[in-house]
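> Here it is, the structure, as structure tokens.
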Amino acid sequence: MSIIQIEQVDVEYPSQSQSVRRVLNGINLDIHAGEFVSIVGKTGCGKSTLLRLILGEQKPTRGLVLVNGHERSQPDRLCGYVPQKYSLFSDKTVMDNLTFGPDVSEFGAFPAFRPGRRKRLRELRSEALRFLKQMGLSESDAHKYPHELSGGMQQRVAIAQSLIMKPPILLMDEAFSALDPATRKGMQRLIRDLWRESGTTIVFVTHNTQEAVCLGTRVIALGGPSIIDTAVAHVDFDSDEDHLQFLIRDIETKTHADKNVIRGGEELHKRNFTSATLQA
């Protein structure tokens, strides 16, 4: 059974030039548990909108969005979310950022005097340290504030912040686009390994077609009259370069990719993302 079902979904916004601007048009999509689905397409085609629908932060104009068979109405623990900009509380340490979500979820907004909370908080701190180490960070980083961390470190904490809630689905919206090439390479390797170890369903929005092809088991391309759904389970960072470039060109052609879509080869070089940057 599909963990995510999108049925005949339209999303429309008010527009000055016309009565409405339709971003998604009759979208049908099924995503099964454990898949890594990359979503690509030109700017404004509805990639981030699709994530917000799955998250429950936005409702479609028409159609249904179901997670585990239930219609989405608001964000909950079923879906973790990692945005492009690090979603950390600036006034909290890394440890407090990681434990805040499960603490509030289990004990409410005013947990100070709840029975069993002190013991549970010790358990959560121990669990948070395990996640930090899994992300390649050290115990000393737990006591730092976000401004004391590099961009890559902050994004690792943001991913741990989502994973500690143990969501069956992880939604990532351009999560690596603000990182420098070397850091991005490490984050690509990290999220691929985490997915393989955990079996979490990942829906990953990116402008980078090569990143989408190399990370995903499926690539969903938006932007045309209908979505293009391409299975790429056999492709990896070390796949044959000619075959990899063929898949990239095929997907970009079908989505009418514009200058905002980062391509393999020439465009990657122009933006300081070389092919080596995207290889594991």
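Read-outs: derived from the displayed coordinates by stated rules, not from any lab. Values in this document were obtained by computation on a predicted structure and should not be read as measured data. A quick note on method: Cβ atoms are made from the backbone with ideal geometry, for glycine too, and the neighbour counts reach across all protein chains shown.
> With respect to the cross-link table entries K92/K119; K59/K92; K119/K166; K85/K144, which display a Cα-Cα separation exceeding 23 Å?
From K92/K119; K59/K92; K119/K166; K85/K144, over 23 Å: K59/K92.
> Rank by packing, highest mean first: peptides 127-133, 88-94, with packing defined as the count of other Cβ atoms within 10 Å averaged across residues.
By packing density, highest mean first, the sequence is 127-133, 88-94.
> Shape call for region 73-163 from the C-alpha gyration tensor, a ≥ b ≥ c root eigenvalues: rounded (a/c under 1.5), prolate (a/b greater than b/c) or oblate?
oblate
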